[in-house]
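Report on the structure given below.
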Amino acid sequence: MKEKPVFKANMNNCNQLTTWWEEALHGNVKSFGRIHDELYSGLYFYLYKIIKDEDAAQDVLQELFIKMWERRITFGPIKNVKYYFFKSARSLAINFLKAARPEFVGLSASHDIDIVFSREDVLVLEETGREVEHMLALALNTLPRRQKEMIFLRYFDNWNYDQIAEVTGLQYQSVVNHVHRGINQLRIKLSEGSKIATTELVLS
């Protein structure tokens, strides 16, 4: 039985990614390979959370990198390479769901993505006791879909609000509001189990 992927946040050097992309524009396969290696784990984890199927997530990710390489001249210079890739991955994931699953036929880029958290995901944030990990995962999964996606990007990959807005297509203030409402809801839910102090520690 395959283990579910667990992503450990990796802070990328945006300037280096931009340099590699500029070199890739001139046909440098090695530089494009470096972009692939740098972004692969984060993109795969994000796609897996959206699609909820390991093989399908890998297929969509492969499609993404092929598309980005073959159409690189059309795309031209990219200001923020990482978030352009994530935004493109999100779009491809939505297209996959629409094509593969009838219940998603009407899905669009503006729709909420339903991300499900596991206890293993919570381990990414902080070393905590098993009971707390379980409670936090349960609490996260009770949030509205949009709040879950915002919190996933904010705390599981250390994105700032501008970056989340860029990828999801939401306004900056809307992202801030969703994250703050989600955190407040988590504190309320966990305080019911006397775990509010842990929540403030993990999601500060």
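The values are calculated or read from the model by the stated rules, or taken from the named source; none is laboratory data. Not measured: the values here are computed from a predicted model. Cβ atoms come from the backbone with ideal geometry, glycine included; neighbour counts cover every protein chain shown.
Let's see how each residue does on (1) more than 22 Å from LEU153 (Cβ to Cβ); (2) under 18 Å from the mean Cα position of the chain (by Cα):
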{"position": "GLN16", "(1), (2)": "no, no"}
{"position": "GLU23", "(1), (2)": "yes, no"}
{"position": "ASN28", "(1), (2)": "yes, no"}
{"position": "GLY33", "(1), (2)": "yes, no"}
{"position": "SER41", "(1), (2)": "no, yes"}
{"position": "ARG71", "(1), (2)": "yes, no"}
{"position": "ILE94", "(1), (2)": "no, yes"}
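Table: residues versus (1) buried (at least 19 other Cβ atoms within 10 Å of the Cβ); (2) part of a helix (DSSP H, G or I).
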residue: LEU17; (1), (2): yes, yes
residue: ALA24; (1), (2): yes, yes
residue: GLY27; (1), (2): no, no
residue: ARG34; (1), (2): no, yes
residue: LYS49; (1), (2): yes, yes
residue: GLN62; (1), (2): no, yes
residue: ILE73; (1), (2): no, yes
residue: LYS82; (1), (2): yes, yes
residue: ALA89; (1), (2): yes, yes
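Can you find even one residue in region 105-118 that is at pLDDT below 85 and assigned to a helix (DSSP H, G or I)?
Just the residues of region 105-118 that are at pLDDT below 85, to begin with: 105-118.
Those left that are additionally assigned to a helix (DSSP H, G or I): none.
No, the conditions are met nowhere in region 105-118.
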